[in-house]
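Enquirer: Mind having a look at this structure? Questions to follow.
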Amino acid sequence: MKSLEELQAIRAKMQGRVGFRSEDESQTRVVVGMATCGIASGARPVLSALADAVQEEGLNNINVTQTGCIGLCQYEPIVEVMEPGKEKVTYVKMNPEKAMEVFRLHLKGGQVVTKYTLAAEQK
Amino acid sequence: MYRSHVLVCGGTGCTSSGSHRIIEKLEKEIKKQGLEDEVGVVKTGCFGLCALGPIMIVYPEGSFYSMVKEDDIEEIVSEHLLKGRVVTRLLYDETVKGAEVLPLQETEFYKKQKRVALRNCGVINPENIEEYIGTGGYEALGKVLTEMTPEQVIQVMLDSGLRGRGGAGFPTGLKWKFAAGNPSDQKYVCCNADEGDPGAFMDRSVLEGDPHVVLEAMAIAGYAIGASQGYIYVRAEYPIAVQRLNIAIGQAREYGLLGKDIFGTGFDFDIELRLGAGAFVCGEETALMTSIEGNRGEPRPRPPFPALKGLYQKPTILNNVETYANVPQIILKGPEWFASMGTEKSKGTKVFALGGKVNNTGLVEIPMGTTLREIVEEIGGGIPNGKKFKAAQTGGPSGGCIPAEHFDVPIDYDNLIAIGSMMGSGGLIVMDEDTCMVDIAKFFLEFTVDESCGKCTPCRVGTRRMLEILEKITKGQGTMEDLDRLEELAAHLSSNSLCALGQTAPNPVLSTLKYFKDEYIAHIVDKKCPAGVCKDLLQYKIDPDKCKGCTLCARNCPNNAITGKVKEAHVIDQEKCVKCGACMEKCRFGAIYKE
C-alpha cells in the first residue's frame, strides 16, 4: 500500500463488516421468521436473497437477521422491516422474487410495498 | 455476506477455559447445518468479563453468552443461528430482565466503562489487519505523515494530557519532546510489554486483542521523535500475545504500513520483537533497554535519562502498551476530546485488572476520577458471600492498600499517591475481612525479594531484612521495636535504592502500617491474627456442645490429630495439628472453629 486512498478503500470495504458488531439504534433491521414453520415454507432462500442483496449494494445501515416463530404460521415466510422511528412493516407469504421487490422499493426506495403486507393479505 | 457474526473470545483467560475447542466445535456445527456462508465466526481479544469465560457474543442481536460449554454449541447453532431463538439459559444473567434481553452496555459491568484503549478488544479479529483498518486503523498514522509536522504531533500529545500508563504517570508528550530535542543519527522507540505486577493483565489483553494499535502508535512516535526503528519488549510468558504481534508485524509490512517509505512520504519505520525471560526488574526502563541490548537485565543510574542516552546509547523513548493504545485515537479525535475525560491532572481513561474478592473479576476501563466504590460495588458487582470490604491493593508490589475510609476518593495518579498508594500498571486487588494485612505485606515483599536483581545493596539486603521482620511478626515472635525498624529500613530503601523496584518495595508495608497498625499490634501483643490467616497464631478447636461425634473430622484429618469416640465430642491435639482446615471444611455441624 502506498497511498491513503488505498487505506480508505480497505476501510470502506471493511466498515460494514466491523460496524455490524454494534447495537446501533440507527440501523434498519430486516427480520426473517426462521422457525420450523418459516423454514418449511421456504424462509431460507428469502433470507439469503435479502442478505446477498444488502451485501452487494453495500447498504451498511441495514441488518438482515432471523427470528423465531412470530405466531402467524399460515402467513410464513414472514419478513419484518423495522426502520428507526417508523412503524414496523410486516410482509407475508414471501419468496425470493417478492423479497427482491421489497428490497428495491422499500429498503432502497423507502416505499412500503403495500400489496405484500399483512394488512393487504387479511383483507 | 454474513448475516450473523459469532464473536468468541480468544484472550488468555477464555483460551485457558477452552474457547479454542468451542470455536472448533462451532465451525463444525455451522457447517453441518449448512450455515457456513451465512454465519461468520470471529476469534477476538478479551471482552473483560474473564470470570464468565468462555464468552461468546452473537451479532446483530448482541446476545452475550457466558460460560459456554462444548455441549451447548449444538443448541446455540440450531436454535439461535438457524432459527433465531436466543438460548436464554446461556445468556449472562445481568442481560436477562424478565422476558427482556438487555444490551450489554446496560449491564452494571459495562455501564460505567468507557473503552478507549480497549475499544477494539472483543470487537475485531486481531489476526486480520483489514478488520483493524475497518475501525479506522492506520488512519492516524496517515494523518500524521501527510498533514502534520513532528512538532505538531508532540504538541497534540502534550495538549491531550496523556500520562504514562505503566505506573509512574510521566507526561507522554514531554517524554517525546525531550527525545525529539536530542539530535542523533539514530533514535529508538520502545514499547514496554513486560507486564510484571501480579494480577495485572491489561497490556496482555491489548496485545492479544488489538496488536495493530501498538504498531501504529509506535510508528507515530517514531515520526514525532525522528526514529526509524522500534522494539517491543514482551514477556515470553505471553505466548498468544507474541504470536499475534508477529502476525500483526508481518501483515503491516505486507501492507506497507511498516518498512520503507510509508504512504509514499519517505518515512521509514520498522519494529522488532524482543522476548523477556520474565524478570520483574526488566519492566524498569534502564533494565529493559540493557536486556534488549543482550545483556543481563539490570538497571543503571539515571541521569542520563533514556531520552538522551537510552538503547545503544542513543536517544530513546519507552512507553507502556496501554499508553500507546490511546495515541491513535488522540490523533484522530483531537487532544480536547481526550482531555475532556478524567480529572484535572489525570486525563482520559485507565484500564484496571479487577481481581481478588470481587464478583466480576476481569478487565475494566473507566474514566479517571471514578471512585473505588463505583469500581468495586457497581462494576465489580460487590464482594462475594456478603463479606465486608476491607481494602483494595493498587499498584502491585510498588503500591499500597486503600482502606475502606478512602472508598469514595476519585481514583487518579495524584489522589492515589496522596493516600499512600499508587496507580501502578492498574492491578486492583479487592480484599475482604478474611484478609490479613500483615500477610498481604509479607506476600508482596516475598515477591520483591525474589525479583530484586541484586545489583544494589539497599534493595538486595534491605528487602530481605524487612521480610524477615514480617515473618517474625506473623509467627507471633515480633516486638513493638520491630515496627520502628520496619519504618527505618523502609526509609533507607526508598532513598538509596538504584531503581524503582527497591525504592517502592516498602510501599505495601508502609501503607498497611499506616492504615492497619492495629493488626500488626494484634500479632505482636495479643499473638493473634484477627483475620485468622497466619497459621502460627491460630488454633483449630472443637466446640464440645456442638460436636455430635460423627467422626467425619477424624477420618479426614491428614495427620490423625483428632481423637474421640463415636457419638462423643472429639478433641484436636494441638501438637499434631498442621492447621490445614480440612476438619472445619468437612464438619456438618459448624462445631469446629479457629481462634
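Enquirer: For the stretch B:307-320, give me each residue that is out of contact with any Gly (no Cβ under 8 Å at 6 or more places or on another chain) and farther than 16 Å from B:Ile225 by Cα.
Expert: The answer is B:Tyr312, and nothing else.
Enquirer: Kindly establish whether B:Val86 is β-branched (Val, Ile, Thr) and more than 10 Å from chain A (Cβ to nearest Cβ). Before the answer, list the steps.
Expert: Values: β-branched (Val, Ile, Thr): yes; more than 10 Å from chain A (Cβ to nearest Cβ): no.
Answer is no for this residue.
Enquirer: Continuing with the same structure: Looking only at the stretch B:168-184, which residues are touching a Lys or Arg at 6+ places or on another chain (Cβ under 8 Å) and either part of a strand (DSSP E or B) or surrounded by fewer than 18 Cβ atoms within 10 Å (Cβ to Cβ) (or both)? Steps first, answer last, please.
Expert: As a first pass, look at the stretch B:168-184 and keep what is touching a Lys or Arg at 6+ places or on another chain (Cβ under 8 Å): B:169-172, B:179, B:184.
B:Phe170, B:Pro171, B:Ser184, listed by residue number.
Enquirer: A further question follows. Go through B:Ala217, B:Ala252 for me and flag whichever is modelled with pLDDT of 95 or more, in contact with a His (Cβ under 9 Å, 6 or more places away or on another chain) and closer than 18 Å to B:Arg274 by Cβ.
Expert: B:Ala252
Enquirer: Still on this structure, I have one more. Considering only residues of the stretch B:66-75 that are out of contact with any strand residue (DSSP E or B) (no Cβ under 7 Å at 6 or more places or on another chain) and crowded, with 16+ Cβ neighbours inside 10 Å, which is nearest to B:Ser4 (Cα to Cα)? Give the derivation first.
Expert: Quick first cut of the stretch B:66-75, residues out of contact with any strand residue (DSSP E or B) (no Cβ under 7 Å at 6 or more places or on another chain) only: B:66-67, B:69-75.
From what's left, crowded, with 16+ Cβ neighbours inside 10 Å: B:66, B:72-73.
Working: B:Ser66: 18, B:Asp72: 18, B:Ile73: 15 Å.
Out of the qualifying residues, it is B:Ile73.
Enquirer: Among the listed residues B:Ser66, B:Ser78, which satisfies the condition of being hydroxyl-bearing (Ser, Thr, Tyr), more than 9 Å from chain A (Cβ to nearest Cβ) and within 23 Å of B:Ile375 (Cα to Cα)?
Expert: B:Ser66 is the lone residue from the list that is hydroxyl-bearing (Ser, Thr, Tyr), more than 9 Å from chain A (Cβ to nearest Cβ) and within 23 Å of B:Ile375 (Cα to Cα).
Enquirer: Against the conditions (1) charged (D, E, K, R); (2) surrounded by fewer than 18 Cβ atoms within 10 Å (Cβ to Cβ); (3) in a loop (DSSP other than H, G, I, E, B), where does B:Arg165 fall short? Just the number, please.
Expert: (2)
Enquirer: Can you tell me which residues in the stretch B:412-464 are of a type in the set (S, T, N, Q) and part of a helix (DSSP H, G or I)? I'd like the intermediate steps shown before the answer.
Expert: First, pick out the residues of the stretch B:412-464 that are of a type in the set (S, T, N, Q): B:415, B:421, B:425, B:435, B:448, B:452, B:457, B:463.
Scanning the stretch B:412-464 gives B:Asn415, B:Thr448, B:Thr457, B:Thr463.
Enquirer: Another question about this same structure. With the condition kept exactly as written, say whether any residue in the stretch B:116-128 is surrounded by fewer than 19 Cβ atoms within 10 Å (Cβ to Cβ), at the interface with chain A (Cβ under 9 Å from one of its Cβ atoms) and among the β-branched types (Val, Ile, Thr).
Expert: no
Enquirer: Something else about it: Out of the residues in the stretch A:61-74 that are surrounded by 17 or more Cβ atoms within 10 Å (Cβ to Cβ) and more than 9 Å from chain B (Cβ to nearest Cβ), which is farthest from B:Gly62 (Cα to Cα)?
Expert: The qualifying residue farthest from B:Gly62 (Cα to Cα) is A:Ile70.
Enquirer: Among B:Glu38, B:Glu24, which is the only one that is over 17 Å from B:Leu91 (Cα atoms) and within 14 Å of chain A (Cβ to nearest Cβ)?
Expert: B:Glu38
Enquirer: Go through A:Pro45, A:Pro77 for me and flag whichever is at pLDDT 85 or above, surrounded by fewer than 18 Cβ atoms within 10 Å (Cβ to Cβ) and more than 8 Å from every other protein chain (Cβ to nearest Cβ).
Expert: Result: A:Pro45 is the single residue among A:Pro45, A:Pro77 that is at pLDDT 85 or above, surrounded by fewer than 18 Cβ atoms within 10 Å (Cβ to Cβ) and more than 8 Å from every other protein chain (Cβ to nearest Cβ).
Enquirer: Output the residue which, of all residues in the stretch B:345-371 that are of a type outside the set (Gly, Ala, Ser) and assigned to a loop (DSSP other than H, G, I, E, B), is nearest to B:Glu322 (Cα to Cα).
Expert: Filtering the stretch B:345-371 for residues that are of a type outside the set (Gly, Ala, Ser) and assigned to a loop (DSSP other than H, G, I, E, B), the one nearest to B:Glu322 (Cα to Cα) comes out as B:Met368.
Enquirer: Follow-up question, since we're still on this one. So which of B:Leu141, B:Leu145 ends up being among the aliphatic types (A, V, I, L, M), in contact with a Ser or Thr (Cβ under 7 Å, 6 or more places away or on another chain) and either under 27 Å from B:Ala200 (Cβ atoms) or outside any loop (DSSP other than H, G, I, E, B) (or both)?
Expert: Exactly one of B:Leu141, B:Leu145 is among the aliphatic types (A, V, I, L, M), in contact with a Ser or Thr (Cβ under 7 Å, 6 or more places away or on another chain) and either under 27 Å from B:Ala200 (Cβ atoms) or outside any loop (DSSP other than H, G, I, E, B) (or both), namely B:Leu145.
Enquirer: Restricting to the stretch B:129-159, name every residue that is more than 21 Å from B:Thr12 (Cα to Cα), within 14 Å of another protein chain (Cβ to nearest Cβ) and of a type in the set (Val, Ile, Thr).
Expert: Hits for the stretch B:129-159 are B:Ile133, B:Thr135, B:Val144, B:Thr146.
Enquirer: Ok, one more. Which one is surrounded by the fewest Cβ atoms within 10 Å (Cβ to Cβ), of the residues in the stretch B:562-595 that are in a strand (DSSP E or B) and touching a Phe, Trp or Tyr at 6+ places or on another chain (Cβ under 7 Å)? Before you say what the answer is, go through the steps one by one.
Expert: Within the stretch B:562-595, the first condition is being in a strand (DSSP E or B), and the residues that meet it are B:562-563, B:571-572, B:592-594.
Within this subset, residues satisfying the condition of being touching a Phe, Trp or Tyr at 6+ places or on another chain (Cβ under 7 Å) are B:572, B:592, B:594.
Values: B:Ile572: 21, B:Ile592: 22, B:Lys594: 14.
Among those residues, the one meeting the criterion is B:Lys594.
Enquirer: Within the bounds of the stretch B:477-485, is there any residue that is part of a helix (DSSP H, G or I), of a type in the set (A, V, I, L, M, F, W, C) and crowded, with 20+ Cβ neighbours inside 10 Å?
Expert: no
Enquirer: Quick check on the stretch B:492-521: of everything there that is among the small types (Gly, Ala, Ser) and assigned to a loop (DSSP other than H, G, I, E, B), which residue is surrounded by the fewest Cβ atoms within 10 Å (Cβ to Cβ)? First the steps, then the outcome.
Expert: The initial filter retains those residues of the stretch B:492-521 that are among the small types (Gly, Ala, Ser), namely B:494-495, B:497, B:500, B:502, B:505, B:511.
The next check asks that each one be assigned to a loop (DSSP other than H, G, I, E, B); those that pass are B:497, B:505.
Details: B:Ser497: 24, B:Ala505: 28.
My answer is B:Ser497.
Enquirer: Same structure again: Of the conditions (1) in contact with a helix residue (DSSP H, G or I) (Cβ under 9 Å, 6 or more places away or on another chain); (2) of a type in the set (A, V, I, L, M); (3) buried (at least 17 other Cβ atoms within 10 Å of the Cβ); (4) not in a loop (DSSP other than H, G, I, E, B), B:Leu308 fails just one. Which one is it?
Expert: Just one mismatch for B:Leu308, condition (4).
The values are calculated or read from the model by the stated rules, or taken from the named source; none is laboratory data. Keep in mind that what you see is a predicted model, and the values were worked out from it rather than measured. Heads up, the Cβs are rebuilt from the backbone with ideal geometry, glycines too, and the neighbour counts pull from every protein chain shown.
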